[in-house]
Protein chains: 2
Amino acid sequence: MNAIILSIGDELLDGLIADTNAKFLSERLQGLGIRVVGHRAAGDDVAPIASALKDIARVADVCLATGGLGPTLDDRTREGFACAFGLSLARNAAAERIVRAFFRKRPMAVSNLRQADLPRGADPLANPVGTAPGFALKAGRCRFFAMPGVPSEMTRMFEHEVAPRLLRLPGREAIAVRQLHLLPGTGESVVGETIADYMRRGRNPVVGTLVSGGIITVKVVARSKTQRAAALLASDDVADLNQIFRGRIFGADGSTLENEILSILRRRRQTLALAESCTGGLLSKRFTDVPGASDVFVESCVTYANASKARRLGVSKATLERLGAVSEACAREMAEGIRKTARTNWGVGITGVAGPRGGTREKPVGCVHLAVAGPGGVTHRELRLKGDRDTIRIRAAALAGAELWRRLTKD
Amino acid sequence: MNAIILSIGDELLDGLIADTNAKFLSERLQGLGIRVVGHRAAGDDVAPIASALKDIARVADVCLATGGLGPTLDDRTREGFACAFGLSLARNAAAERIVRAFFRKRPMAVSNLRQADLPRGADPLANPVGTAPGFALKAGRCRFFAMPGVPSEMTRMFEHEVAPRLLRLPGREAIAVRQLHLLPGTGESVVGETIADYMRRGRNPVVGTLVSGGIITVKVVARSKTQRAAALLASDDVADLNQIFRGRIFGADGSTLENEILSILRRRRQTLALAESCTGGLLSKRFTDVPGASDVFVESCVTYANASKARRLGVSKATLERLGAVSEACAREMAEGIRKTARTNWGVGITGVAGPRGGTREKPVGCVHLAVAGPGGVTHRELRLKGDRDTIRIRAAALAGAELWRRLTKD
């Protein structure tokens, strides 16, 4: 069963917001065994909406449309449906009850009743958290579900009104999705080459890679007759991939590198502190993105100035003057210094040149020194990273996490 | 001149990531006087890519395609173009030079040369920050530009290779885009109601609001016959909006709150240090996102543990024991403590409950205390923020910046 997501609103085409509704709905549909084959975005005008709807009716079994259902004149989704499928708009009694119910305890501008004018044959969908009812409409072979664009209203309507209807549809696939996350350090191309046979088009499971926050993830999507068969199919690939990437996989599915590290430390009742220079707080932010980090993560010092490296972490004047802040010695002293002063089991030091300025011939932009201090001593890595300031900072943070993870799984 | 943005990648249809590339490109195209009339996303398969490309070639003057240019077998954009327009793929010498240049100093998996196989007639676009060259290709009336999907590579290629080519195209609209950034604290809906007349559909200039990183921006887009006329139209609205939001605007166009703060401090030869708890390094990251922050930003301490608040910042045991870490007194002592120990002119303290757990009746999730210590003393704000952990952390960081900005523009 194929689905297309249609997002309606000038704010998308004007680049005012990113389309997070399409992401949410795509993930949910995949989980329901409905294959998303495309996204589209159209502006708040009848013609583009109608033309997109007609295209979609030809190719999709299901279409989730969001946006353009509000009371104002620039909300044209209802007219778009009417135009696309030659239906008249008529006041829908059930939809009017939904609108009036929302206003039971507040004054209602009469314009709000526009929202109850639905294409003939449409079934209204309740919206308890907003003024606009959605609607379901079958046109040709395609089942359309029109929902509001406001994410909080859309998600609630999807979960309470749309998902239950989709679950009753026959012909959904049994699907199993698994993810393996790889330690950074290997390029996506090398990873892809290693598992080229698994990534062959048309193969089931479908295996693909994606990169986010400096981490490469291998995703396995298996389809079969039954949920159980799909799960088994996926497990076979996951077993193979675990072999192929042995020692380079830090986690699976919903986990993150920082989450895995915190879990290992939590099990060992060990603690962590960070000393960041070029990453400027990004690594701390990644660890504290994890709820409940506080029982392991004690503190970090973002020592941007040399004086701060010396005062907070005890980096020696000699190192700073002779070798400079971007040096192996400085990274090592930062890691040891934060471990000692924070009184933690583990300390990480990162110093480098994030750019765009500040690079020299021997220390170019992208030159980063990492050090990890732990019970087993201090280890160091020198990196030469490519990319802009953001990319260099993200990769440096991911590689610092990887170095710590390696130490934790060895020491 | 009409443009459509085509985003290619299963990760979009699987809901693994939101399409931020389409947002970025839509905004940039608008600024170049090219009207974005649609977005589309297609999976990593030749047929859907080709069919989208053929549709687009019929209706658009310009198409920006992103994704699917990598070295792995699931990168099929090149084949998609070849199939759509009946072109053969051939090794492009210039593209091969681009690929080899990237690997000059590192081992290259041979699969990377796939990336130099372009549809006949395509002109390669350089990619200094990644392995995949892009390409430009004219098919029918439509000029296609294929770029990588990795945002850092795409943005760089767009700015250096694509935008200059678009600027040479005739038939672009004369357009002027201005942005005003508001201090956080007012909701987007309230801002929208305040300027409802300006936001009327069909009006020129088009006025809209967007929220990013906890900051509300009012955007003015004026179109006219000449660049000068468009600029004047936009300026009139900007003048009105400056009146309407007097005292609540911190910057315009490309600036950020952190950038504005660093500029003010730089002019005054003053310095800044931060003490973060619940934001966990996010505020430091936002300041160090600004290149050259190091001449103003000295350091920050992410004091997650109480012991660390006491040891690094001198927060009193009494405060921590009697009032707790989430309290006005603790925020004030954090701000004073970091200012004193970092020996800076300004210090900021943030402590609160980011959630999802850890809330109590008197200190619920979203309860955050901010303090700013400066030459004029210490000021404090208590916040009650709504939303998930990310949202609360982002809003707290934005509001901390706003409080510092207010102090800097008063003291």
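Each row is one residue, and each column tells you yes or no for (1) of a type in the set (D, E, K, R); (2) assigned by TED's automatic domain parsing to the domain that holds A:THR288; (3) touching a residue at least 40 places away in the same chain (Cβ under 8 Å).
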| site | (1), (2), (3) |
| --- | --- |
| A:HIS181 | no, no, yes |
| A:GLY202 | no, no, no |
| A:LYS225 | yes, no, yes |
| A:ALA230 | no, no, yes |
Between a first residue in segment A:300-320 that is more than 12 Å from chain B (Cβ to nearest Cβ) and closer than 19 Å to B:LYS340 by Cβ and a second residue that is modelled with pLDDT of 95 or more and open to solvent by 40 Å² or more (accessible area, probe 1.4 Å), which pairs have beta carbons less than 6 Å apart while being 6 or more apart in sequence or on different chains? none
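Touching a strand residue (DSSP E or B) at 6+ places or on another chain (Cβ under 6 Å), surrounded by 19 or more Cβ atoms within 10 Å (Cβ to Cβ), farther than 29 Å from B:MET334 by Cα and modelled with pLDDT under 90: does that describe B:VAL206?
Working: touching a strand residue (DSSP E or B) at 6+ places or on another chain (Cβ under 6 Å): yes; surrounded by 19 or more Cβ atoms within 10 Å (Cβ to Cβ): yes; farther than 29 Å from B:MET334 by Cα: yes; modelled with pLDDT under 90: yes.
It is true that B:VAL206 is touching a strand residue (DSSP E or B) at 6+ places or on another chain (Cβ under 6 Å), surrounded by 19 or more Cβ atoms within 10 Å (Cβ to Cβ), farther than 29 Å from B:MET334 by Cα and modelled with pLDDT under 90.
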Read through the list (1) more than 34 Å from the chain's Cα centre (by Cα); (2) open to solvent by 10 Å² or more (accessible area, probe 1.4 Å), then give the number of the only condition that A:ALA116 fails. (2)
Provide a single number: the residues in segment B:116-152 that are in a loop (DSSP other than H, G, I, E, B) and charged (D, E, K, R). 2
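Tell me, which residue of segment A:164-181 that is of a type in the set (A, V, I, L, M) and within 14 Å of chain B (Cβ to nearest Cβ) is nearest to A:TRP405 (Cα to Cα)? Before the answer, list the steps.
Step one: list which residues in segment A:164-181 are of a type in the set (A, V, I, L, M), which gives A:166-167, A:169, A:174-177, A:180.
If we keep only those that are within 14 Å of chain B (Cβ to nearest Cβ) too, we end up with A:175-177, A:180.
Values: A:ILE175: 32, A:ALA176: 28, A:VAL177: 25, A:LEU180: 16 Å.
Out of the qualifying residues, it is A:LEU180.
Within segment B:328-339, work out how many residues are open to solvent by less than 10 Å² (accessible area, probe 1.4 Å) and either over 31 Å from the mean Cα position of the chain (by Cα) or modelled with pLDDT under 95 (or both).
Step one: list which residues in segment B:328-339 are open to solvent by less than 10 Å² (accessible area, probe 1.4 Å), which gives B:330-331, B:334-335, B:337-338.
Now drop any that are not either over 31 Å from the mean Cα position of the chain (by Cα) or modelled with pLDDT under 95 (or both), which leaves B:330, B:337.
Going through segment B:328-339 one residue at a time, the tally reaches 2.
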Any residue in segment A:382-411 that's closer than 22 Å to A:VAL302 by Cβ and open to solvent by 20 Å² or more (accessible area, probe 1.4 Å): show its pairings with residues that are among the acidic types (Asp, Glu) and part of a helix (DSSP H, G or I) at Cβ separation under 9 Å, as long as the two are six or more apart or on different chains. A:GLU382/A:GLU328; A:GLY387/B:GLU153; A:TRP405/A:GLU260
Could you list, in sequence order, the residues of segment A:55-75 that are in contact with a helix residue (DSSP H, G or I) (Cβ under 9 Å, 6 or more places away or on another chain), in a loop (DSSP other than H, G, I, E, B), more than 10 Å from chain B (Cβ to nearest Cβ) and crowded, with 19+ Cβ neighbours inside 10 Å? A:GLY67, A:GLY68, A:LEU69, A:GLY70
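Could you please find all residues in segment B:340-357 being part of a loop (DSSP other than H, G, I, E, B) and crowded, with 17+ Cβ neighbours inside 10 Å?
Filtering segment B:340-357 down to residues part of a loop (DSSP other than H, G, I, E, B) leaves B:343-345, B:353-357.
Within segment B:340-357, B:THR344, B:ASN345, B:VAL353, B:ALA354, B:GLY355 meet the criteria.
Regarding A:SER212, is this residue at the interface with another protein chain (Cβ under 8 Å from one of its Cβ atoms) and not charged (D, E, K, R)? Before you say what the answer is, go through the steps one by one.
Numbers: at the interface with another protein chain (Cβ under 8 Å from one of its Cβ atoms): yes; not charged (D, E, K, R): yes.
Yes, satisfied.
Residue by residue, here is whether (1) of a type in the set (Ser, Thr, Tyr); (2) more than 22 Å from the chain's Cα centre (by Cα); (3) at pLDDT below 95 holds:
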position	(1), (2), (3)
B:GLU153	no, no, yes
B:PHE158	no, no, no
B:VAL162	no, no, no
B:ARG172	no, yes, yes
Quick one: in segment B:119-147, which of the residues that are small (Gly, Ala, Ser) and more than 18 Å from B:THR72 (Cβ to Cβ) is surrounded by the most Cβ atoms within 10 Å (Cβ to Cβ)? B:ALA122
Given B:ALA94, B:ALA52, B:ALA82, which one is closer than 27 Å to B:PRO164 by Cα, in the same structural domain as B:ALA163 (by TED's automatic domain parsing) and either part of a strand (DSSP E or B) or under 30 Å from the mean Cα position of the chain (by Cα) (or both)? B:ALA52
Since A:VAL99 meets every condition but one in (1) in a helix (DSSP H, G or I); (2) open to solvent by less than 30 Å² (accessible area, probe 1.4 Å); (3) touching a residue at least 40 places away in the same chain (Cβ under 8 Å), which condition does it not meet? (3)
For segment A:289-328, how many residues are within 13 Å of A:VAL348 (Cα to Cα) and among the hydrophobic types (A, V, I, L, M, F, W, C)? 5
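Being in contact (Cβ under 8 Å) with a residue 60 or more places away in the chain, touching a Leu at 6+ places or on another chain (Cβ under 6 Å), open to solvent by less than 10 Å² (accessible area, probe 1.4 Å) and part of a helix (DSSP H, G or I) is the requirement here; does B:LEU25 meet it? Walk me through it before giving the result.
Details: in contact (Cβ under 8 Å) with a residue 60 or more places away in the chain: yes; touching a Leu at 6+ places or on another chain (Cβ under 6 Å): yes; open to solvent by less than 10 Å² (accessible area, probe 1.4 Å): yes; part of a helix (DSSP H, G or I): yes.
So B:LEU25 fits the description; yes.
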Is at least one residue of segment B:33-43 modelled with pLDDT of 95 or more, open to solvent by 10 Å² or more (accessible area, probe 1.4 Å) and away from every other protein chain (no Cβ under 11 Å)? no
Looking only at residues in segment A:8-22 that are under 19 Å from the mean Cα position of the chain (by Cα) and closer than 12 Å to A:MET154 by Cβ, which one is farthest from the other protein chains (Cβ to nearest Cβ)? A:ASN21
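Just give me the residues in segment B:262-291 being within 7 Å of another protein chain (Cβ to nearest Cβ), open to solvent by 10 Å² or more (accessible area, probe 1.4 Å) and out of contact with any Leu (no Cβ under 7 Å at 6 or more places or on another chain), in sequence order.
Just the residues of segment B:262-291 that are within 7 Å of another protein chain (Cβ to nearest Cβ), to begin with: B:280-282, B:284-285, B:288, B:291.
If we keep only those that are open to solvent by 10 Å² or more (accessible area, probe 1.4 Å) too, we end up with B:282, B:285, B:291.
Across segment B:262-291, the qualifying residues are B:LEU282, B:PRO291.
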Residue pairs, Cβ under 6 Å, 6 or more apart or interchain, first in segment B:107-125 and more than 20 Å from B:LEU137 (Cβ to Cβ), second among the β-branched types (Val, Ile, Thr) and in a loop (DSSP other than H, G, I, E, B). List them. B:ASN112/B:THR131
For segment B:179-191, does any single residue satisfy the condition of being more than 23 Å from the chain's Cα centre (by Cα) and outside any helix (DSSP H, G or I)? no
Buried (at least 22 other Cβ atoms within 10 Å of the Cβ), acidic (Asp, Glu) and assigned to a strand (DSSP E or B) - does that describe any residue in segment B:233-246? no
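The values are calculated or read from the model by the stated rules, or taken from the named source; none is laboratory data. Here the structure is a predicted model, which is why all the values come from computation and not from measurement. Positions of Cβ are generated from backbone atoms using ideal geometry, with glycine treated the same way; all protein chains shown enter the neighbour counts. These area figures cover heavy atoms from the full protein model, side chains too; ligands, DNA and RNA do not enter into them. Shrake-Rupley method; radii C 1.70, N 1.55, O 1.52, S 1.80 Å.
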